[in-house]
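The values are calculated or read from the model by the stated rules, or taken from the named source; none is laboratory data. Keep in mind that what you see is a predicted model, and the values were worked out from it rather than measured. Because the Cβ atoms are built from the backbone with ideal geometry, glycine has one as well, and the counts that use them run over all protein chains shown. Ligands, DNA and RNA are stripped out before the accessible areas are found, and what is left, the full protein with its side chains, is counted by its heavy atoms. Shrake-Rupley method; radii C 1.70, N 1.55, O 1.52, S 1.80 Å.
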Amino acid sequence: VPGQKSLSIISARHTASVLTGTRHHNNKDAWIIVRNHTNGNIYLSYLVNSAGIDTTPVVSPSLIILPDSAYLSLNTIKISPDGTKLICLADTMAEYCSFNTLTGIITPLFRIKCVTSQVFWYDDAEFSIDNKYLYISEGGGSTFVPTKLFQFDATKTDSAGFKQSQILISSLYFIWGQQFAGLQRGPDYKIYSSDRFDKDSISVINNPSIQGIACNYQKNAICLVTNNMAWLGFPQFLQKYYVYIHHSALLCSQNSVNFTSSIWPPADSIHWDFGDPASGASNFSRLPNPSHIYSNVGTYIVELFVRHIDKRTDTTWQTITILSSPTVTLGPDRIICSGNSTTFDAGACSGCTYLW
């Protein structure tokens, strides 16, 4: 927008190089949040709307006292997908806060120190898409002390419960070019890590919403194109809008597959395409929670198109695989005497569960 670029914000002249943003409560405007490192230990929340940026910030206190030179050790600010929690990493300290998307006020809840005393700093953090877990990485260290990636329970609002929820996900010995650095949630809800800067690959947490090592951290998961190197992190972006597809677990032919969705902001209208053109008109639905029967086994791409109440549109897809329905037989009827035993065999079935 003309006149809204390269603005000098005098009230932010002493902010460090950490910055994040999230949607306002109205899901139309936005908040930009920064952290001062001089003239008081404070957060500044700037409202951005159709009129531009409001240069008078909402001021909130911080529990971490920083010297004037501490801007070098401020590493990240991240906000949870629902906009209610904020994490700020400053050197060996992490500050956990609540955030009010209506007022822009940040309320510190507690602070914690680095889990491993030999490392130099907390490096980066990221929330799972369902706001349940927070991942924090450690940076620095030495060749004899590994840097680490931890998972915490993001629902805990007290320091004791938060620290007790800590689970070690992975560790790396500090070698030049190998440490946990940038963490960023992608549009596929996985969390990516550039834990090998100046290397030709990045790592990934495949299932960030699952507790413990089952979150499936995979080192060197993605090889970058030749001569492209990963460095210290990823760009942040507003991630408040979302459209997710959920479905029932029973994916067998001739069975009804039930679909639901998670949408924010609320939908004005939705359109489902079940990826099954052979079903004719039944391939489409405008219901919020539709069902569909797939007559044939195979892989289908389900599409959900959404128009939000603010007239923004989103489209999401999910691939599902329909399996053959199991055939169960227990053999002929039988008669046995009391006190004797018999064995029933339902037959092997890949991916099946049994209830007798």
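Just a few scattered comments:
- Y354 paired with A51, simple spin-label distance in nm, labels 7 Å along Cα-to-beta-carbon: 7.0 nm
- Taking all protein chains into account, the per residue accessible area for region 201-262 stands at 57 Å² (1.4 Å probe).
- The C-alpha radius of gyration of the chain, expressed as a fraction of 2.2 N^0.38 Å, stands at 1.23.
- Using a probe of 1.4 Å on the protein chains alone, the accessible area found for T101 is around 20 Å².
- Once all protein chains are placed together, W264 keeps about 90 Å² accessible to a 1.4 angstrom probe.
- Residues whose amide H lies under 5 Å from that of T76, counting only those 5 or more places away or on a different chain, are L89; hydrogens are built 1.01 Å from N in the peptide plane.
- Rounded FRET efficiency, nearest 0.05, which uses the C-beta distance separating S253 from T342 and R0 of 22 Å: 0.10
- Counting protein heavy atoms only, region 17-109 has 57 percent of its accessible area on carbon and sulfur, 1.4 angstrom probe.
- Amide H contacts of S165 (H built 1.01 Å from N, under 5 Å, at least 5 apart or other chain): D153
- The solvent-accessible area of E126, taken with every protein chain present and a 1.4 Å probe, is close to 0 Å².
- Region 294-302 - phi-based ³J(HN,Hα) in whole Hz, Karplus 6.51/-1.76/1.60, Gly and Pro as x: 8, 7, 10, 6, x, 9, 10, 9, 8
- Rounded to whole numbers, the Karplus 3J(HN,Hα) couplings from phi for region 90-102 are 9, 6, 8, 10, 10, 10, 9, 9, 9, 10, 9, 6, 7 Hz, using 6.51 cos²θ - 1.76 cosθ + 1.60 with θ = phi - 60°, and x at Gly and Pro.
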